[in-house]
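The values are calculated or read from the model by the stated rules, or taken from the named source; none is laboratory data. A quick note: this is a predicted structure, and the numbers were derived from the prediction, not measured. Positions of Cβ are backbone-derived with ideal geometry, glycine not excepted, and every protein chain shown enters the neighbour counts. Side chains are part of the model used for accessible areas, which takes the heavy atoms of the whole protein and leaves out ligands, DNA and RNA. Shrake-Rupley method; radii C 1.70, N 1.55, O 1.52, S 1.80 Å.
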Amino acid sequence: MDGYIEGRIRTEQTLSISATGRVSGEIFANKVVINGLHEGACHAASIEILEKGKAKGVIYTNDICIERGGCFLGQTHPADEEKVVTLNKEEAAKASADSKGSQKDAAPLTPPTQLKPAEAAGSTDKSAAAGTASVAASKPGASPAPTTAAVDNKKQANARK
């Protein structure tokens, strides 16, 4: 853009203000490249102020670049998120039912089973050497319950139900 524009500019493309360009007003664009002068608010996904560029006002973007020599006087804010989707009652009910159905199908997560390491390196316990864990009973003198991979699998299957 060369020359002078006063007012509001809206484009889905890149707006480039050349060194001889001047814009006074609000800009809404996908990308704005300023090498001239801009005064006012600027809403864009990406804004570049080049070495001869001067911007004065409020900038709404998540991506800004100011080259050495470029000048910016004003405030910056995150890009506005104005994408609001409205659903009619039938679509909202269907979306709600779909999300509830997918939650029922998912199996609840169970924490992993903690296995205790063998108590001594020279242990002669054959079950520990075979890779099964032995669980000590909480009461002294009580016999430990036998634990095998099959019993653990059944407990996990019952816990999921």
TODO: Would you confirm whether any residue within segment 21-34 is open to solvent by less than 60 Å² (accessible area, probe 1.4 Å), of a type outside the set (A, V, I, L, M) and over 34 Å from the mean Cα position of the chain (by Cα)?
DONE: yes
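Across segment 35-80, what is the number of residues that are assigned to a strand (DSSP E or B), buried (at least 16 other Cβ atoms within 10 Å of the Cβ) and among the aliphatic types (A, V, I, L, M)? Step through it out loud before you land on a result.
The first filter runs over segment 35-80 and keeps only residues assigned to a strand (DSSP E or B), leaving 37-39, 42-49, 54-60, 64-66, 71-77.
Checking which are buried (at least 16 other Cβ atoms within 10 Å of the Cβ) leaves us with 37-39, 42-44, 46-49, 54-55, 57, 59-60, 64, 66, 72.
This time we only want the ones that are among the aliphatic types (A, V, I, L, M), so: 37, 44, 47, 49, 55, 59, 64, 66.
So the answer is 8.
Of all residues in segment 6-20, which are more than 19 Å from residue 67 (Cβ to Cβ) and open to solvent by 60 Å² or more (accessible area, probe 1.4 Å)? Steps first, answer last, please.
Let us first name the residues in segment 6-20 that are more than 19 Å from residue 67 (Cβ to Cβ), namely 6-13.
6, 8, 10, 12, 13, listed by residue number.
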